[in-house]
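J.: My questions all concern the structure below.
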Amino acid sequence: MICLLTRPPHLAILSHLPTAVRKKGAPLPMHTKLKYFAGYSSQLTGQVAQLIAEGRLAEILLKKYPAPHTIRTDKALYDFTVARKNEFLRNTPPLSKVSYDGKIEALHHALGVHYFVSRVQGAKLKAKHEIKIAPAFKVAPCEFLQMIVVHELAHLKEKEHNKAFYQLCEHMEPAYGQLEFDTRLFLTHLELFGPLYPAATPSS
């Protein structure tokens, strides 16, 4: 499961922002709730809050990620996920299902969930692995979807969020730490201002 509050990345994640936005010690407005940045330093949350206050969050994201992916159906998501699994984790158990599921955000406070399901079929106990992705990522940069998928695939091999787990994530996606942080910016924009790509957002 990739939770809303996973570990902060160990790199200079705001190095791409203009100097004015990266001003040291920028205050964090009291009215701004940055739930996706819990556990981060006050200096980093201050930089994010300043970016929001200046109305430049969308500008920064769109400059780096100008268009969303086109993986909108569960079948396309399954094919996308299995392709990454076959590239890096060919010897792990097969995936029986990959889908977008709006329930996981409310029930698990998560962006993606990896399910290990055991079912009795006749005299045998058959195990199935399923991955469910939050629907917020139906209209998002492909890089963010890739990061979520890599995270959930890593659970096929490493169950806990330990050092080996994050090393595997970074093996499959070298920019994993940066993408995790940028995804938090994306989700913050979605919560505060709505979709980053409104023209591409399904009406239902």
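Computed from the coordinates by the stated procedures, all read-outs in this text should not be read as laboratory data. The shown structure was predicted, so the numbers you read here are calculated from the model rather than taken from an experiment. All Cβ positions, glycine included, derive from the backbone under ideal geometry; neighbour counts span all protein chains shown.
J.: Report ³J(HN,Hα) in whole Hz for each residue of the stretch 83-93, in order, from the Karplus equation J = 6.51 cos²θ - 1.76 cosθ + 1.60 where θ = phi - 60°; Gly and Pro get x.
T.: 4, 6, 4, 5, 6, 10, 10, 4, 8, 8, x
J.: Something else about it: Determine ³J(HN,Hα), in whole Hz, for all residues of the stretch 129-138 in sequence, where each value follows from phi through the Karplus function 6.51 cos²θ - 1.76 cosθ + 1.60 and θ = phi - 60°; x replaces Gly and Pro.
T.: Karplus-based 3J(HN,Hα) across the stretch 129-138 equals 10, 10, 10, 10, 10, 4, x, 4, 8, 5 Hz.
J.: In this model, which of 33/157; 132/163; 33/103; 64/132; 33/75 are farther than 32 Å apart at the alpha-carbon?
T.: 33/157; 33/75
J.: Give me the percent of Cα-Cα pairs in the stretch 160-204 that sit more than 18 Å apart, rounded to a whole number. All intermediate terms of the calculation are to be shown ahead of the outcome.
T.: Working: 480 of 990 pairs.
Within the stretch 160-204, distances greater than 18 Å cover 48 percent of Cα pairs.
J.: Once phi is turned into θ = phi - 60°, what whole-Hz ³J(HN,Hα) does the Karplus curve with 6.51, -1.76 and 1.60 give for every residue of the stretch 150-162, x standing for Gly and Pro?
T.: 4, 4, 6, 5, 4, 5, 5, 10, 10, 6, 9, 7, 10
J.: Another question about this same structure. Less than 13 Å Cβ to Cβ from residue 34, Lys/Arg counted +1 and Asp/Glu -1: what total charge do the surrounding residues give?
T.: Taking every other residue near residue 34 into account, the sum is +2.
J.: With Cβ to Cβ distances under 11 Å as the rule, what net charge do the other residues near residue 91 carry (K, R +1; D, E -1)? Kindly include the intermediate steps, with their values, before the conclusion.
T.: Values: positive: 85, 90, 157; negative: none.
Charge balance in the 11 Å sphere: +3.
J.: All other residues with a Cβ under 13 Å from the Cβ of residue 131 taken together, and with Lys, Arg as +1 and Asp, Glu as -1, what is their net charge?
T.: 0
J.: Would you mind computing Rg(Cα) / (2.2 N^0.38 Å) for the stretch 140-182, counting N as its residues?
T.: Rg over 2.2 N^0.38 Å, computed on Cα atoms: 1.05.
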